[in-house]
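The values are calculated or read from the model by the stated rules, or taken from the named source; none is laboratory data. Keep in mind it's a predicted model, so treat the numbers as computed, not measured. Neighbour counts run over all protein chains shown; Cβ positions are idealised from the backbone, glycine included. These accessible areas exclude ligands, DNA and RNA; they are computed on the full protein's heavy atoms, side chains included. Shrake-Rupley method; radii C 1.70, N 1.55, O 1.52, S 1.80 Å.
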Amino acid sequence: MRIRKHMTMALRCQKAVVWRGAYFPVIISVILFFALPAHAEDTNEEAQIQALQRQNAMLEQQVERQNQAIDSLTQKVGELEATNAAEENAAAENAPPPAPTGYNLGNVNVSAEGGVAFFNTDRNGFSSDSDLRVDEARLFVEAPIWKEVYFQGESDLATREYPTLSVQLGELYLDAQDLSELWGQDAQLNLRAGRMYIPFGEEYLDRYAIDDPLISHSVSDIWGYGPGVELYGTLAKFDYVVAVQNNSGQNGVQDFDGDKAVTGRIGFDPDRHWRFSVSAMHTGNLNVQGDEYSSVWFGNEFLQPLVTMNATLFHYELVEGDIMAKWSGGHVGAFGGYGQYGDNDPTANNGRDFFYYSVEGVQDLPQKFYLAARFSEALSDKGVPILGLGSYGVYGDDLTTELWRLSLGLGYRFSENLLLKTEYSFEGGHDLGGGSRNQENFFGTEAAFKF
């Protein structure tokens with residue numbers, strides 16, 4: 001029994017060994033079948049990751065080389081721009097000044113400006129009978145005197161505000177430029193002495209026919225001449241002008257009171273598109289009997305005494321702000337101001353205030369045409385003399401409390417030296433008595449020129 005039991009157990013062990021020996025390779029094969037692809041897959045992913053890492057490293061090296069190339073190119077461009085700027089500045093400094101218009105007689109330059117026109121207004125306007133006229137005619141003479149000292153002279157053969165063709169003296173002065181070279185600076189200080197425009201506001205700078213896009217001016221239209229001295233210059237983006245002048249309207253030569261007119265203007269040009277300025281003027285005391293009126297025009301009339309019965313002296317103070325926005329094909333400009341009249345009448349307070357403003361726009365069109373428009377107005381609750389486009393025979397003795405004007409124009413620029421323009425203006429308002437200012441509308445056509 002024991003022997004059989006042992007034999008049986010041996011037989012079972014032999015069968016187990018045989019089973020294991022037969023199926024073990026199969027089991028190993030199955031395990032390898034599933035394990036090897038997984039290992040291969042892991043190996044492929046690792047290889048791919050390593051390849052991507054190598055590609056990223058190469059890309060990073062390329063980007064670094066490109067950045068270095070860009071930095072080098074930027075530095076070279078900056079150096080080239082600096083070199084070009086230096087060369088342009090040197091060329092500008094050494095270049096001759098632009099040739100002036102006109103004709104040269106040795107060192108003397110002679111030029112002219114003017115305008116021939118047709119004007120017509122309604123029955124209460126200054127040209128109710130339709131005028132063909134020489135609107136402006138001016139001769140200019142310029143000549144160097146000594147080093148940076150120059151002569152400038154102007155003769156007015158015809159001016160719209162004067163009804164006759166008598167010759168009038170315009171500007172005539174000596175201009176000593178670049179006095180600031182004494183401390184090594186250009187253009188900071190210049191000096192004029194003689195008869196100059198009163199430098200108040202900026203409209204007077206463009207009121208000549210060849211410079212004005214319209215034919216008429218604003219309602220206020222402040223301008224005038226006076227002998228005296230003027231300092232002007234530029235400081236970075238600022239410019240200034242200060243003048244002390246006679247202000248007599250009697251003969252334009254002498255004052256009949258020692259109090260002079262003092263005028264100043266400060267301008268600021270932050271860039272080539274914008275212009276700002278502020279102006280102020282004190283006319284000084286003017287003698288009612290001797291001076292009679294100021295040499296400053298306002299509203300197409302001289303500033304004048306408003307009450308003469310008990311006053312022997314009168315004066316005006318004015319302040320104005322100007323702004324302009326410019327672009328390649330036009331501009332929009334505006335200004336506004338305040339004025340005050342006073343005198344030495346011991347029996348009454350004759351002082352009064354007045355306000356004025358103007359807005360103007362100009363836009364170029366194709367083929368050298370342009371459009372222009374301007375709206376302007378002057379206001380005074382107690383009334384001041386404002387002739388406007390009206391006839392002196394109708395409104396010469398009136399005080400006006402309100403006068404407005406809307407001007408619309410179309411122009412054609414043949415060249416810088418020849419301009420053809422046409423305009424229609426609507427004008428209206430009220431006088432001190434409450435009556436209406438009407439029948440003053442204006443139509444005009446003008447050919448303006450210079451040489």
Rounded, prolate or oblate: which fits segment 208-276 when a ≥ b ≥ c are the square roots of the eigenvalues of the alpha-carbon gyration tensor, with rounded for a/c under 1.5 and prolate only if a/b beats b/c? oblate
Treating cross-link reach as a plain straight distance, find the aspartates and glutamates whose alpha-carbon is under 18 Å from the alpha-carbon of residue 260, omitting any fewer than eight places away in the same chain. 230, 291, 292, 317, 343
Pop a pseudo-label 7 angstrom from the Cα along the beta-carbon direction at both residue 319 and residue 64 and give the gap in nm to one decimal. 6.6 nm
Quick note, segment 99-196: a/c under 1.5 would make it rounded; otherwise a/b > b/c is prolate and the rest oblate (a ≥ b ≥ c, C-alpha gyration tensor); here it is prolate
For residue 375, what charge total do you get from the other residues with a beta carbon under 10 Å from its beta carbon, if Lys and Arg give +1 and Asp and Glu give -1? 0
Take the solvent-accessible surface of the protein heavy atoms, probe 1.4 Å, and return the percent of it on segment 195-314 that carbon and sulfur atoms account for. 60 percent
Can you work out the Karplus-derived ³J(HN,Hα) for every residue in segment 294-311? Use 6.51 cos²θ - 1.76 cosθ + 1.60 with θ = phi - 60°, whole Hz, and x for glycine or proline. 7, 7, 8, 8, 9, x, 6, 9, 6, 4, 8, x, 9, 9, 10, 5, 10, 9
From phi via Karplus (6.51, -1.76, 1.60), per-residue ³J(HN,Hα) for segment 238-244 in Hz, x at Gly/Pro: 9, 9, 8, 8, 9, 9, 10
What aspartates and glutamates does residue 368 reach when the alpha-carbon gap must be under 14 Å and sequence neighbours fewer than 8 apart in one chain are set aside? 416
Segment 245-297, relative contact order [Cα under 8 Å, separation at least 6], %: 45 percent
Give me the accessible area per residue for segment 232-276, probe 1.4 Å, as a whole number in Å². 54 Å²
Order of 373-386, 212-225 by packing, highest average Cβ count within 10 Å first? 212-225, 373-386
Percent RCO, i.e. relative contact order, over segment 123-240, from Cα pairs under 8 Å lying at least 6 residues apart: 18 percent
Send over a whole-number figure in Å² for the accessible area per residue of segment 117-182, probe 1.4 Å. 56 Å²
Net charge (Lys, Arg +1; Asp, Glu -1) of residues whose beta-carbon lies under 11 Å from that of residue 117, residue 117 excluded, is -2
